[in-house]
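The values are calculated or read from the model by the stated rules, or taken from the named source; none is laboratory data. Keep in mind it's a predicted model, so treat the numbers as computed, not measured. Please note: Cβ atoms are built from the backbone with ideal geometry, for glycine as well, and neighbour counts cover all protein chains shown.
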Amino acid sequence: MTIAPNLSRRSLLQGAGGLVVAFSLTGGVRPASAETAAVLKSVAEGAVDSYISIDPKGMVTVYSGKIDYGTGVRTGFAQMAAEELSVPLDRVTVIEGDTSLTPDQGPTYGSLSIEVGGQAIRKAAATAREALLDAAGERLGVERAGLTITDGMIRGDGGEISYGDLLNGENFSLEVNENVRLKDPAQFTIVGQPIIRDGLPGKITGAFEYMQDLKIDGMAHARVVRPPAIDATLEGVDESSISHLPDVQIVQKGNFLAVVAESEWTAVRAAREISVTWATTESLPDQAQLWTHVRETPIAKDDVTSDIGDVDSAAGTRQVKATYDFALHTHGSIGPSCSVADFSDGKLVSWSSSQATHRLRGQLSDMFSVPEEDVRCIYIEGAGCYGRNGHEDAAADAALISRELGRPIRVQWMRHDEHGWDPKGPPTLIDLTATIDDAGAVAAWSSEFFIPQGAGGRVALLGANLADLPTNQDTNPGGITNDSAIPYGFPNIRTVCHRLESTPLRPSWIRAPGRMQNTFANEAFLDEVAAELAVDPMEYRRGLIDPADKRGLAVLDRLKEFAGWEPRPSPRSGGDGDGARLTGRGMAYVKYELKRTYVGAVAEVSMDANSGAIKVDRFFVVHDCGQIINPAGVRAQIEGNVIQTTSRTLMEELTFDRNMVTSLDWASYPILRFPDVPEVNIELIDYPNEVPWGAGEPTAAVVSACISNAVFDAAGIRLRSVPFKPAKVRAALSEQRS
Amino acid sequence: MSVSIEVNGTRHDIDGDPSMPLLYALRDQIGLRGAKFGCGLGQCGACTVIVDGRAVFSCLTPISALEGRAVTTTEGLLEDGKPGKVHQAFIDEQAAQCGYCIAGMVMRVQHLLERNADPTDEEILTGMQANLCRCGTHAAIIRAVQRAART
Amino acid sequence: MTYRRIGLVSIAVLIALVIIAFALIWRPELTATAEGAEPAYGKDEIARGYALAQLGNCESCHTAEDGAAYAGGRPLDTPFGTIFAVNITPDRETGIGEWSPEAFTRAMRKGVDREGAHLYPAFPYTSFTKIDDGDISALYAYLRTVPAVENEAPENALPFPFNIRALMAGWNLLFLDAGPVKAVSRESDEWNTGRYLVEGVTHCGACHTPRNALGAEKSSDSLAGAEIDGWYAPPLAGDGARAWNKPQLAAYLSAGFSRDHGAAAGPMGETVTNLSKVAPADVTAIATYVASLTDDTSPAFAAIDNGVPDDLAATHALWVGACASCHEAADGRANPSYGVPLSVGFALRGDKPLNAARTIVGGIDAYRDRGGPYMPAFGGTLTAEQITDLTQYVRARFSDGAAWEGVGDTVEQALSEQNEGDGQ
């Protein structure tokens, strides 16, 4: 398998609607000019040609609207297509997220790439195979039942013909058969194998071409000069402040300001040294009063995510009540966002690491008031983004500067751009109440989530706002109501999401958006209830899961054994006698969005009861994502989820003053380093005959609750506010003493 | 101003602003992609290269400081165009998610093993702590270091 | 008077002197605690003791590099030789497991160990003597809870006559003012708390007060700034410390950073890390007291930028490429890494290049895990000559002081002490 070849060329958009692609002799696909002998490439959903093409040499190209930002789904797509087509993996090339070449399969989020994107490719490949078998049967004069396929060669009754010869450069011109016969999992030789992730060796040796590495002819380097406040007006630029730097162009449009130079370092210096006058207005709330602000923000509407029985009239003898909160987080991509744009003759080609190139095309079309067909957005893998970070904004920046200067422009965000201006995971505040009856059972569970309105739509483009160009202004925090409802069978349940009119800072989704925060509150609060009832948290959960949900129960049963879980209530009695060092264990469980991947996890922590420092020693994760396409990829995702979310849970908290974000780098927004990384033990449950679900997010949902519950087990204190910084732990310990 | 720097065994005459950090010379003038821009502040380690046996942040090392000095990047660890020892250990452990930090990690590991061929787990953890990874690939990277030390 | 008589008197005087000397020098061994007879300490008492241990930097001195906490072995270089901090874990053989509360109190107040031997004032009992009984008990209680570690600290490397511990009896006569401080009634409770902490457990003077020829803090120059471990601990009192006010001090002491003064680097980074673990009220009290030692209404030091020094024009490229991104943001934009314009800090105002050169060589990494000022170490990147030039460059450009002497030697010294790989 190879990735798309070098796209470092211009003239990718030729003529009205000239969406062209040429099959090169080597079998790869490279965008080419209209002059090249070409076939029109379908991108319509439901057409086999949108997903699959096979050249005369039998090389397969898979077109995916979903993209791989390091998660390994590109490899998964190739495995799924190769398996259905019975071709070796190295004959498959995957093209991702190119609005001229790939179908619009929606943004790459929600752990849906394999389940939705991969399954579409699989069905297209299977449809293609069936059509090829039909055609081969005709050509060879053999009944379908007498045909076999090996490595893209169809044989029967002594004859043989290859895919390439059958197609002879033609398209399939077929609709995908949604009910097509899929290969029997028992016959799988590629799916289910721990294939090394595509591109990985080059990432290690330096050969891999990231978005940040892309160079095209005639390109200049730009840096955007950010205002010192979200609400700021550009009043003046002192051009003489950078007159000592050679050949710097200043681009100003409204409040949008950028510097452009032939040399990248000159652009960096110019952005740093240019003197600008801004008028600023304080537009953010006082962070010290953040949770009051959230609670008092007007509610636009209520989303009731579950309503069973009547929580208000449930009879109970006591109540457990608690409030949970989860700080604002930044994506923290290690490589700041980057984009190259070539805007000429009213047509725009935009290269970026957007996880939603089709949506970005629409946004850029709006921003510049040009038809969508005159905008081509091409995905190139960049640094991991874990959600909607600054990629689209960098694309807008580059496009705007390119349009103003009429030449290709590369915009590389600086660290303070990424930390300061990418959209943020919004603050989340959650109230929970459990009513316990006189028999010691929960009669009612009710929860209220204070979270911004909106879903996973188009996040307003920063550059458009600064330049006063059109861009939608609604808030889009992602599908953050997910997992506010619970997978447990209480007689009365009501879970309500109060959708707030606004939230401080432009929101978007970061890995497991909402699911992480909501599962933290639900699973930690359930632990509180279990502690109140003095029961083992694992067995308690087991008794609350629908007995018909065998897979959920299997996860807990396997977890109990895998983690060596001895049933007992939390907290543990007595310390381990080693001074102030306390140890504990905690568990949490999620059925992602109540309808897909199951995860059960146990955290073991040690903590210093004096300093309040928490060390997560190890995690045990049992994971069921149905049919496993690539176990190495799934393991890597689980491990990354645990470690990244441990960082988010223990350390991460965005800071801001009344003007703007103040945590503008890693010194002010520290993340987990090597010495504090937990050991991660993973057990995968494979159901080859079930639908493949995603693994990119679900494990992240349980990590915070596992740690909170383990700290409770160790010290008897309940941490309800992420991040669990030592000062908060010390305060909880102090409160416990008094 | 022109500065003569040896990069992966080849001498390069770098022209330009003497304040330009080595990172930009490597990426924009010599055409090596391994060292990455991550922060420009010496905070994350994505730009880590080895200069005369020391791991340095190339984003904060002006070319004017490097006259006559020898730089090694991840590309310089290739052996006859094939992955070197540390590379292969990373590949075998599939120790990259997005991989943007990895070329810097590789150089940090190279530096670590050059001065301590058989590091303890503790020494690996502290030796690697200058470099950040956001994907949570740390555990795989640690396994890769252990593997590289064994081979 | 006959010779004989003189002789008898002399003998009598001599005997008397020996007795007096013996009384002065000799300290009884105190009974060892019974094994396994550990009383239960209150959680509040332990918590207070833990806070006092942080305020007192106990762990920093009593823990060797990569060693177990409080197990001793860390060397302290003094003008008289090298003294190794002892093991203060509850290990009975090598630690202070056999020490009773009385023995511990005597050590803290009088500088005498359980067996009756005099301690050297590298252990700052001249300050700890001012800690009140309750706090000494709390500290004792806390130290009983740290894990016992068997570790014998190395023998001190002190030449004659400093290796005679008994000499400390005379030293104590001269310099030990035993007993707690008395509150000053006209000052606020917060001020008095701050003074109690500063003069006692935090022993700020141990670094910030210059010492006399016998190694005692000069009471006449209390907190006036002093050289220590190759660094210069800036003045906390008097004009040299002016323009520090209470909020700035509180921020600096708890977060290691004041926008108006810069970052706490070097040994102070460790102190701030310890202070970050105590109740904010204690840190505020310290800030209140220290702020009162100067005229905090006097104007701040003016920002200085003399421009690129003519004789160091080539070094300007180093500044632009390595330093300016954090120290020279344009008009009001935030500096990354908590960098500040260099003229605000003390490092460039001092008479010696110690702090400036050492910070360039070793960077600042005390705050990595919790967030705070950061600077990469340039000792592994730039040559000694380049760092020397850079040190002179920042002195010339961002201060009004004369060019420093001996920068090269200071840089070489700092480089020689740097662990390979530090910072980067």
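Points worth noting:
- Residue within the range C:110-120 that is under 20 Å from residue C:64 (Cα atoms) and in contact with an Asp or Glu (Cβ under 9 Å, 6 or more places away or on another chain) present: yes
- Considered as a group, the residues in the range A:268-288 that are surrounded by fewer than 16 Cβ atoms within 10 Å (Cβ to Cβ) and not small (Gly, Ala, Ser) include one that is farthest from the other protein chains (Cβ to nearest Cβ), and that residue is A:286.
- Helices (runs of 4 or more DSSP H) enclosed by the range C:131-240 - at least 2 residues per element that are touching a Phe, Trp or Tyr at 6+ places or on another chain (Cβ under 7 Å) and within 14 Å of chain A (Cβ to nearest Cβ): C:133-145
- Selection status of residue A:353, within 19 Å of the chain's Cα centre (by Cα), among the hydroxyl-bearing types (Ser, Thr, Tyr) and farther than 30 Å from residue A:290 by Cα: yes
- Matching residues in the range B:4-26 - criterion: being part of a loop (DSSP other than H, G, I, E, B), surrounded by fewer than 24 Cβ atoms within 10 Å (Cβ to Cβ) and within 12 Å of chain A (Cβ to nearest Cβ): B:8, B:16, B:17, B:18, B:19
- Odd one out for residue A:667, checked against (1) surrounded by 24 or more Cβ atoms within 10 Å (Cβ to Cβ); (2) in a helix (DSSP H, G or I); (3) small (Gly, Ala, Ser); (4) within 11 Å of chain C (Cβ to nearest Cβ): (2)
- Per the conditions (1) touching a residue at least 60 places away in the same chain (Cβ under 8 Å); (2) in a loop (DSSP other than H, G, I, E, B), the sole criterion not satisfied by residue A:672 is (1).
- One residue from C:206, C:251 being of a type in the set (Gly, Ala, Ser), surrounded by fewer than 18 Cβ atoms within 10 Å (Cβ to Cβ), on the phi < 0 side of the Ramachandran plot and in the same structural domain as residue C:283 (by TED's automatic domain parsing): C:251
- Screening residue A:265 on (1) within 13 Å of another protein chain (Cβ to nearest Cβ); (2) under 25 Å from residue A:410 (Cβ atoms); (3) part of a strand (DSSP E or B) shows it passes everything except condition (3).
- If you filter the range C:31-63 down to residues that are among the hydrophobic types (A, V, I, L, M, F, W, C), closer than 23 Å to residue C:112 by Cα and within 30 Å of the chain's Cα centre (by Cα), you find that the one that is nearest to the other protein chains (Cβ to nearest Cβ) is C:53.
- Every residue from the range A:715-732 that is within 11 Å of chain C (Cβ to nearest Cβ) and either farther than 23 Å from residue A:573 by Cβ or surrounded by fewer than 19 Cβ atoms within 10 Å (Cβ to Cβ) (or both): A:723, A:725, A:726, A:727, A:731
- Sole exception among (1) facing another protein chain (nearest Cβ under 10 Å); (2) within 29 Å of residue A:504 (Cβ to Cβ); (3) crowded, with 22+ Cβ neighbours inside 10 Å for residue A:639, by number: (2)
- Considering residues of the range B:63-75 that are facing chain A (nearest Cβ under 9 Å) and in a helix (DSSP H, G or I) only, the residue surrounded by the most Cβ atoms within 10 Å (Cβ to Cβ): B:74
- Qualifying residue in the range C:89-105 (condition: surrounded by fewer than 23 Cβ atoms within 10 Å (Cβ to Cβ), small (Gly, Ala, Ser), touching a residue at least 60 places away in the same chain (Cβ under 8 Å) and within 25 Å of residue C:215 (Cβ to Cβ)): yes
- Given (1) surrounded by fewer than 21 Cβ atoms within 10 Å (Cβ to Cβ); (2) farther than 30 Å from residue A:183 by Cα; (3) within 14 Å of chain B (Cβ to nearest Cβ), number of the condition residue A:682 does not satisfy: (2)
Residue-by-condition table, conditions (1) out of contact with any strand residue (DSSP E or B) (no Cβ under 8 Å at 6 or more places or on another chain); (2) outside the structural domain of residue A:224 (by TED's automatic domain parsing); (3) within 21 Å of residue A:421 (Cα to Cα):
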residue	(1), (2), (3)
A:451	no, yes, yes
A:472	yes, yes, yes
A:498	no, yes, no
A:535	yes, yes, no
A:543	yes, yes, no
A:560	yes, yes, no
A:563	no, yes, no
A:566	yes, yes, no
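- Of the residues in the range C:70-77, at least one is within 14 Å of chain A (Cβ to nearest Cβ) and either buried (at least 19 other Cβ atoms within 10 Å of the Cβ) or more than 14 Å from the chain's Cα centre (by Cα) (or both).
- Of all the numbered requirements in (1) surrounded by fewer than 17 Cβ atoms within 10 Å (Cβ to Cβ); (2) in a strand (DSSP E or B), residue A:315 misses one, and that requirement is (2).
- Members of the range A:211-225 that are buried (at least 19 other Cβ atoms within 10 Å of the Cβ) and touching a Ser or Thr at 6+ places or on another chain (Cβ under 8 Å): A:211, A:214, A:221
- Cross-chain or 6+ apart pairs with Cβ under 9 Å, the range B:27-48 first and more than 24 Å from residue C:362 (Cα to Cα) and more than 7 Å from chain A (Cβ to nearest Cβ), then aromatic (Phe, Trp, Tyr) and surrounded by 24 or more Cβ atoms within 10 Å (Cβ to Cβ): B:27/B:37
- Taking the listed residues C:174, C:139, the one that is of a type in the set (A, V, I, L, M) and modelled with pLDDT of 90 or more is C:139, with no other qualifying.
- Residue among A:354, A:365, A:344 that is free of Cβ contacts under 8 Å to residues at least 40 places away in the same chain, away from every other protein chain (no Cβ under 14 Å) and among the hydroxyl-bearing types (Ser, Thr, Tyr): A:365
- Of all residues making up the range B:27-55, the number that are outside any loop (DSSP other than H, G, I, E, B) and within 24 Å of residue C:386 (Cα to Cα): 6
- Residue check for residue C:180: outside the structural domain of residue C:98 (by TED's automatic domain parsing) and either surrounded by 15 or more Cβ atoms within 10 Å (Cβ to Cβ) or more than 20 Å from residue C:30 (Cβ to Cβ) (or both): yes
- Selection from the range A:179-204 of residues that are in a loop (DSSP other than H, G, I, E, B) and either among the charged types (D, E, K, R) or closer than 23 Å to residue A:134 by Cα (or both): A:179, A:180, A:181, A:182, A:183, A:184, A:188, A:197, A:198
- Residue that is surrounded by the most Cβ atoms within 10 Å (Cβ to Cβ), among those in the range B:111-130 that are under 30 Å from residue A:68 (Cβ atoms) and at the interface with chain A (Cβ under 8 Å from one of its Cβ atoms): B:128
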